[in-house]
Ligand SMILES: Cc1cc2nc3c(=O)[nH]c(=O)nc-3n(C[C@H](O)[C@H](O)[C@H](O)COP(=O)(O)O)c2cc1C
Ligand SMILES: [Mn+2]
């Protein structure tokens, strides 16, 4: 089911008892973060929050701020209009099953075709609610300063748009990309554009730079949350996020032309920030209290110049906060892993399950369970994952046997401690690293570690007898179940 607007979505959350409305004034400077942080750290991710009277420098903004709208398993599924993320994973599996691909490349091609066949292709429309109010730059009556943008953490370099959906195009092929890259507000008409070096936005930017052309960029906020999720999903370069969003919500995304740049954006957006990046122009960005739980330092990033802002008559400003985990993004990342697990399994059928625990902030820690059949299969899986899209960033990969629940960190740690000889069972490799990781000596490159915590085979040189894991007799379990149902004294 698709939502007609972001307001539709927050109303659905409200009806489901998943929304807390906060009617008293709360400052966009730090106070919203403190409330949201407490909520996100409450059991299961707490509730979504709608701040109806956010203040900017003491003035009440007419635009409400929504936070933590996808920050639980249930709300993440609701955002995509489904009961459970498993439904979507099952659809992915079925597309791939129709004609099993022989490799990764073919799997993605097949997915694109499958998604296309499911009538997910965007529709082009001539107008939309995102244009109910149009401000061209020359008005000067409205600017970025009018949005209730958060200053998240005390040492942040300013206010940051934290849920921006950034639309760009490959100047060579015309292919579209949509990614989520945070934006630091510099003034009413300029902002930082934090696409990291490994991301598709940065690749597009590099091509504009090489061609010596100005790069059109459009940023949307709000609208159907399926689009926002698609912007964060680790799709391979070339798989259109707009197509993917259409597939997820089972309804074509309606695209409308921008007013001042040659790009199209979802017509249902709450806000559209139109503008451009001048290749070669950079400006210090940060510090910013980041996903890692630490401040990322000041670094030069491209500058986004606003040429127009259009919006709905009654928009909601969607935001998130990132910081020490667990935060809202954990639920978004977990949904991605779940949805793309069938793709991983296509290439590596022995993979049973996979988890990226919150403590690892996506890239730092990956648990994989496998059905092990031959010697050193765990290493094959590690190397396979390290070669796959954004999984290349995985700092530690721990491989366990199929009977270990990777979503239970305590169970994985038990296997790790019990089943490994540290030197024998670990491997180190060199690979690109997440741009946010402060631990590496040189940014964006470093080593990763893989640990094989599976039971060892004679063919792996283990000639002792591997012991059996304790397990109660099923008949006894049944008898005790029955016994405990009756009064014990
Ligand atoms: C809340 C949130 C904020 C993010 N901020 C950034 C960011 O500032 N820069 C960045 O490069 N990636 C950021 N990401 C990750 C990207 O959105 C993600 O890697 C996405 O898959 C990139 O899409 P692309 O492959 O089309 O570039 C963020 C993700 C989330 C969930
Ligand atoms: Mn992409």
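Within 10 Å of each residue's Cβ, count the other Cβ atoms and sort 309, 324 from fewest upward.
Fewest-to-most Cβ neighbours within 10 Å comes out as 324, 309.
What are the semi-axes of the equivalent ellipsoid of the range 45-99, taken as the square roots of 5 times the eigenvalues of the Cα gyration tensor, listed largest first and rounded to whole Å?
Ellipsoid half-lengths, sorted descending, are 37, 11, 7 Å.
How far is helix 474-485 tilted, in degrees, relative to the longest principal axis of the Cα atoms in the chain, given as a value from 0 to 90 rounded to the nearest 10?
60
Against the longest alpha carbon principal axis of the chain, how many degrees, from 0 to 90 and to the nearest 10, is the axis of helix 377-386 turned?
10
What order do you get for 167, 305 when you list them from fewest to most C-beta neighbours inside 10 Å?
305, 167
Just need the relative contact order of the range 170-209 here, percent rounded to a whole number, with Cα pairs under 8 Å and 6+ apart.
Relative contact order comes out at 39 percent.
Which whole-percent values make up P(r) of the range 300-368 when all C-alpha to C-alpha distances are grouped in 10 Å steps starting at zero?
Over the range 300-368, the share of Cα pairs per 10 Å bin runs 16, 30, 24, 22, 8, 0 percent.
For the chain, take the alpha-carbon Rg, divide it by the Kirkwood Rh, and send me Rg/Rh.
Rounded to two decimals, Rg/Rh equals 1.00.
Per DSSP H run of n ≥ 4, the term is -39500 (n - 2.57); total these for the chain, divide by its residue number, and report the mean residue ellipticity at 222 nm rounded to 500 deg cm²/dmol.
-8500 deg cm²/dmol
Taking all pairs of distinct Cα atoms, average 1/r, flip it, and tell me the Kirkwood hydrodynamic radius of the range 163-308 in Å to one decimal place.
15.4
By how many degrees, between 0 and 90 and to the nearest 10, does the Cα long axis of helix 200-211 differ from the longest principal axis of the chain?
50
Let me test this: with uniform point scatterers at the alpha carbons of the range 359-489, what is the Debye-based log₁₀ I(q)/I(0) at q = 0.14, 0.19 1/Å?
For the requested q values the scattering log ratios are -0.70, -1.07.
Rounded if a/c is under 1.5, else prolate if a/b is larger than b/c, else oblate: which is the range 212-297, with a ≥ b ≥ c the root eigenvalues of its Cα gyration tensor?
Because a/c hits 1.5 or more and a/b fails to exceed b/c, the range 212-297 counts as oblate.
What is the range 95-216's relative contact order, in percent, from Cα pairs under 8 angstrom and six or more apart in sequence?
Rounded, it is 15 percent for the range 95-216.
When the scattering of the range 78-177 is computed by the Debye formula from its Cα atoms alone, each counted once and equally, what is log10 I(q)/I(0) at q = 0.12, 0.15, 0.21 Å⁻¹?
Evaluating at q = 0.12, 0.15, 0.21 Å⁻¹ gives log10 I(q)/I(0) of -0.79, -1.03, -1.23.
When only C-alpha pairs under 8 Å and at least 6 residues apart count, what is the relative contact order of the chain, in percent?
15
Find how many whole Å separate the alpha carbon centroid of the range 342-382 from the alpha carbon centroid of the range 255-320.
Here the two parts' Cα centres lie 35 Å apart.
Would the range 422-489 count as rounded, prolate or oblate if I go by the C-alpha gyration tensor, calling it rounded below 1.5 in a/c and otherwise prolate when a/b exceeds b/c, oblate otherwise?
Taking the square roots of the gyration eigenvalues as a ≥ b ≥ c, the range 422-489 is oblate.
If you take the square roots of the eigenvalues of the alpha-carbon gyration tensor of the range 1-144 and sort them as a ≥ b ≥ c, do you get rounded (a/c under 1.5), prolate (a/b over b/c) or oblate?
Oblate, since a/c reaches 1.5 and b/c is not below a/b.
Can you tell me the length gained on complete extension of the stretch residue 31 to residue 465, counting 0.36 nm per residue apart and subtracting the Cα distance?
Once the chain is fully extended between residue 31 and residue 465, it gains 150.4 nm.
Please report 176, 74 as a ranked list, fewest other C-beta atoms within 10 angstrom at the top and most at the bottom.
The fewest-first ordering by Cβ neighbours comes to 74, 176.
Just so you know, all these numbers are worked out from the coordinates, no wet-lab data involved. Note that this is a predicted model, so its numbers are computed, not measured. With ideal geometry, Cβ positions are generated from the backbone for all residues, glycine too; neighbour counts draw on all protein chains shown.
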